[in-house]
1. Go through the range 103-128 and give me each residue that's part of a helix (DSSP H, G or I), within 23 Å of V50 (Cβ to Cβ) and among the aliphatic types (A, V, I, L, M).
2. When residues of the range 100-130 are filtered for being surrounded by 13 or more Cβ atoms within 10 Å (Cβ to Cβ), over 20 Å from L152 (Cα atoms) and of a type in the set (A, V, I, L, M, F, W, C), how many remain?
3. Does at least one position in the range 131-146 carry a residue that is surrounded by 13 or more Cβ atoms within 10 Å (Cβ to Cβ) and among the small types (G, A, S)?
4. Among (1) open to solvent by 50 Å² or more (accessible area, probe 1.4 Å); (2) within 24 Å of V144 (Cβ to Cβ); (3) within 17 Å of the chain's Cα centre (by Cα), where does L87 come up short?
5. Looking at A70, is it within 30 Å of R48 (Cβ to Cβ), surrounded by fewer than 16 Cβ atoms within 10 Å (Cβ to Cβ) and touching a residue at least 40 places away in the same chain (Cβ under 8 Å)?
6. Cβ-Cβ distance below 7 Å, separation of 6 or more or different chains: which pairs start in the range 79-102 with a residue that is under 17 Å from Q142 (Cβ atoms) and end on one that is open to solvent by 70 Å² or more (accessible area, probe 1.4 Å) and of a type in the set (S, T, N, Q)?
7. Taking T77 as meeting all but one of (1) under 18 Å from F158 (Cβ atoms); (2) surrounded by 15 or more Cβ atoms within 10 Å (Cβ to Cβ); (3) among the polar types (S, T, N, Q), write down the number of the exception.
8. Considering only the range 148-155, I want to know if a residue exists there that is more than 25 Å from G59 (Cβ to Cβ), open to solvent by 20 Å² or more (accessible area, probe 1.4 Å) and in contact (Cβ under 8 Å) with a residue 60 or more places away in the chain.
Amino acid sequence: MGGVAVSLTITYACGMLNQFSSTDRHRNPQPVRSERPLTPDDVERLERGVTRAGRWFAGYLALIGLVSAAWLTVIETTFAEGIARWLAVSAWPIFVVVVSHVAERQAVHPRGATRALAVATAIWFAAYLFAVGPFLRGTYGQQVLPWVIGSLLMSLPFFVAAARYLWRR
């Protein structure tokens, strides 16, 4: 089925046909009984619709990658120490909560979306904590260009995951 789960297709089709509200989406919708069975063309059309509806996730991952790179660069170069650093650091959870809320309101979540986000985040965090962060901080201090390059390299897992979801059939 081109990487799209059958349950995702049924949930999306039910949501389109019944116009569920956002609170109804989290309940277990019952499949819509049709007078005629689905043809292979209907299934293919539904699969394409579900895939299109799930394309938002690629932009979501790319946005998180770009914002995390920019945020890290600003934290390490502009607010390297003091209370301003902690205020800037506190902006990240606020951003994550807002973006997560927007993501949760989407009607379709691609298969493996949670795992892709978790893996990309874990790789990003481990790279910052154990490799890129200590190296750049020790070698270049607060120079902007090395932090921009390092932050973008650290964000590669988000961009790779975004490309995977963007070019998914």
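The values are calculated or read from the model by the stated rules, or taken from the named source; none is laboratory data. Treat the numbers as computed from the prediction; the structure is a model and nothing was measured. Quick reminder, even Gly has a Cβ in these numbers, built from the backbone with ideal geometry, and neighbours come from all protein chains shown. Quick note on the areas: whole protein, heavy atoms, side chains included, nothing else; ligands and nucleic acids left out. Shrake-Rupley method; radii C 1.70, N 1.55, O 1.52, S 1.80 Å.
1. Correct list: A103, A113, A116, L117, A118, V119, A120.
2. Matching residues across the range 100-130 total 4.
3. Taking every residue of the range 131-146 in turn, at least one turns out to be surrounded by 13 or more Cβ atoms within 10 Å (Cβ to Cβ) and among the small types (G, A, S).
4. Looking at each condition in turn, L87 falls short on (3).
5. no
6. Filtered contacts from the range 79-102: A80/Q142.
7. (1)
8. no
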